[in-house]
Amino acid sequence: MGVLIQAQIAAAQGIVHRPPRAAGKGAACLDAVSLLSFADHPDPLQSRLAMSSVVACYDAYVLGRDGWSELGAYFAEYRHSILPEMDAFRSPSTETINVFAHTGEVFNQTVLVSRGSWEAGVRTEALWDRQVYLHHAFGWAIYVLLGAIVLSALVGRFVVLRPSGFMYTAYKRHISTPAAFGHRHLRGRLFSVPTRLQAIFIALYLALNLIWSCIGYRTSQDNLFFPGRPDQQLARYVADRTGVMSFYNLPLLFLLAGRNDVLLWLTGWSYASCTLWHRWVARVATLQAIVHSVAYTWLEKDSLVELFAENPWRSGVVATIVMALMLPLAVRPLRERAYEVFLAIHIVFSIVLLVLLFLHVHNFGTGYHAYLWSCIGVWAFDRAARATRVLFLTPTLKPNALALLPNTQGFVRLAVRTQRALAPVPGTYFFLHLPSVSPLANHPFTLASWRRTAAGGTELHFLCKPRGGSTSLLRASVERTLANAIPQELGALKLPVLLEGPYGVSHNLNGFDRVLLVAGGSGITALLPYLGRQRLSVVWMVQDATQAEDVLVNELRQSAIGEAHVDVWVTGGAMPSGCMNGWPLGAPATPPRPPSPEIPSPVAFSEYRCSYNAYLYKPTLSSPGAKFVLDGYTVVEKGEHAGRVCVRWGRPCVAEVLQRHLSTQRLAVLACGPDGMMDDMRAAVAAAYGRVDGHQLDYFEEAFSW
């Protein structure tokens with residue numbers, strides 16, 4: 001362990017290399033004299049006797065004028081005047097003093113500190129310089145670690161590797177695929193559990209921050225800053241180290257929070273992965289700030305009231321409190337149930353934190369301002385990029401969208417037009433701003449489909465499932481429009497929508513022989529753009545039968561799915577216990593609602609019509625090979641024939657779904673849906689690696705988490 005620590009210290013010193021200060025020998029004179037007291041003034045920089053003693057030390061032990069200009073900087077800061085030349089303070093000394101033996105004694109004449117006292121000052125300055133180098137070197141090492149992680153992600157993204165064999169299968173089964181512990185990855189109550197591979201990188205980041213906060217300290221009994229108090233020396237070094245490293249973590253914290261993140265562009269990571277890192281960096285930076293504050297509080301416990309009256313100390317205390325409060329105010333239940341409230345608190349607290357930190361480091365010059373300005377620069381770049389994206393796609397507030405509600409339990413269908421010719425890819429999502437519905441809210445929606453318009457623009461189609469907030473307000477607006485519509489009108493809501501995007505990364509499924517898409521509820525939206533591929537199977541679990549009907553007669557109609565094999569499971573009502581063996585057709589607990597009459601689309605809305613409007617209000621599935629109709633729903637028994645849709649009631653076991661599709665061919669599994677379903681799918685894929693080789697099976701997730 002000692003060799004490892006020394007290697008880390010040597011590497012850290014190599015990152016931030018600075019030669020020893022020549023001024024250290026001169027500063028040692030001031031350090032030694034500062035332990036004495038003089039009759040003319042208690043402050044050495046304002047005491048003529050003390051400054052005369054410093055010059056006497058220079059004349060005796062220091063060659064030339066080394067360090068006098070640096071001493072002038074202290075003189076200017078604390079006395080607010082220019083340090084005179086050495087001759088102005090030169091006067092004969094009457095005795096040589098060992099400062100350790102006369103600490104606290106008051107002198108009324110110039111003295112010469114002993115050579116041993118001066119050498120102790122030289123060692124004190126050297127130790128202090130070493131600590132300063134290590135503080136910043138270990139801070140820079142955080143960025144070196146980040147660079148190594150990004151480099152590994154770049155290699156994995158752009159270098160095509162075809163590994164195989166036992167070791168690769170074991171890696172995918174035990175490291176890259178499963179959750180860090182248990183089977184919960186996305187469905188944690190207070191926070192998401194990382195995957196095992198993510199956990200390894202997070203653990204490395206945590207371990208190195210912990211090690212870098214604990215190593216490289218040297219204390220001594222003759223340290224002139226804390227004579228005879230190694231405990232105070234160590235507390236000061238720990239306080240400074242954790243404070244500096246917390247500052248180094250701040251730009252990374254802001255970088256990982258943005259939608260327009262350079263790391264996203266370089267690595268192809270998902271937004272959920274970056275926000276996961278963001279939260280762990282926030283915890284580390286906050287813990288370092290707390291240790292920094294606690295250590296300084298212990299050091300200055302005898303003068304806390306006086307120090308709190310000073311701005312640097314007061315702003316630092318409040319800044320630590322703000323950082324500590326941001327953690328519990330960002331727990332997952334609050335983010336999911338009241339995102340706008342969480343976001344408002346987070347933004348306000350972040351601004352307050354930066355202001356407080358500027359005040360906190362004001363007395364240290366502008367050296368630490370670079371980290372704070374970096375945070376502001378990252379935030380400003382992200383906001384400017386967001387605004388640019390919005391203005392590029394939707395530069396006006398004119399109505400450019402049509403919202404439709406085929407049935408009260410289904411999706412709100414939103415068709416948004418932009419004059420720009422876009423070429424979206426599967427996995428693309430946009431943030432939608434609905435100024436006429438909820439002016440301050442914006443939420444991400446995955447693109448379900450798109451088409452080019454006659455004018456050369458693009459029409460983007462979204463399926464919005466109301467979950468509260470602005471989406472519920474949107475549905476209520478559409479319902480009011482439907483209630484006020486005359487029978488001959490479509491009853492659709494025209495509204496302005498501001499588009500921000502596109503975001504997201506498409507999963508490359510081209511190298512696979514077969515593709516299995518597993519969706520739950522509104523997760524089908526993210527998988528629809530992948531339709532049209534050969535050897536593709538879709539398994540969709542949806543709770544509401546009317547929501548299933550809505551998508552079946554539109555996006556999953558026979559003419560749209562091509563050769564795909566689609567199994568739809570309606571899970572509403574009483575569910576069979578355990579996993580269902582085979583694929584039985586169970587009876588629904590309650591009959592589906594009767595089919596609604598078809599509503600014509602008037603000419604007045606023809607320019608807003610989605611490409612799927614011709615099928616929008618058909619109540620039943622009319623596909624070739626239909627076997628029978630159950631209460632208005634066409635249920636197709638397909639067997640193994642391609643191009644058939646099968647609707648069943650019940651809930652399948654995802655492990656059995658996966659087992660049914662495993663073969664000797666390469667299979668890609670792409671899942672999107674409720675957290676529990678995707679966690680079960682991930683666990684099933686990890687377990688399957690014991691039956692198939694690693695190169696035969698790959699798992700992909702479409703998950704967006706706040």
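All of the numbers you see were taken from the coordinates with simple rules; none came from a lab. These figures come from a predicted structure and were not determined experimentally. Positions of Cβ are backbone-derived with ideal geometry, glycine not excepted, and every protein chain shown enters the neighbour counts.
Summary of values
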item: Karplus-derived HN-Hα couplings along the stretch 666-682 (A = 6.51, B = -1.76, C = 1.60, θ = phi - 60°), whole Hz, x at Gly and Pro; result: 6, 10, 10, 10, 10, 10, 8, x, x, 4, x, 5, 5, 5, 5, 5, 4
item: Mean Cβ count within 10 Å, highest first, over the residues of peptides 356-363, 227-234, 315-322; result: 315-322, 356-363, 227-234
item: Proxy reagent accessibility, fewest Cβ within 10 Å first, across Y171, Y58, Y133; result: Y171, Y133, Y58
item: Residues K398, K494, sorted so that the one with the fewest Cβ neighbours within 10 Å comes first; result: K398, K494
item: Prolate/oblate/rounded label for the stretch 360-451 (Cα gyration tensor, a/c 1.5); result: prolate
item: Chain lengthening between D693 and N363 when straightened (0.36 nm per residue, less Cα-Cα); result: 112.7 nm
item: Interchain or long-range residues, amide H under 5 Å from V647's placed H; result: V568, V636
item: Cβ-based exposure ranking for V518, V150, V341, V193, in which fewest neighbours within 10 Å come first; result: V341, V150, V193, V518
item: Per-residue HN-Hα couplings for the stretch 219-234 [Karplus 6.51, -1.76, 1.60; θ = phi - 60°; Hz; x = Gly/Pro]; result: 10, 8, 6, 9, 5, 6, 6, 9, x, x, 10, x, 5, 6, 4, 4
item: Fraction of alpha-carbon pairs over 16 Å apart in the stretch 311-430 - percent; result: 76
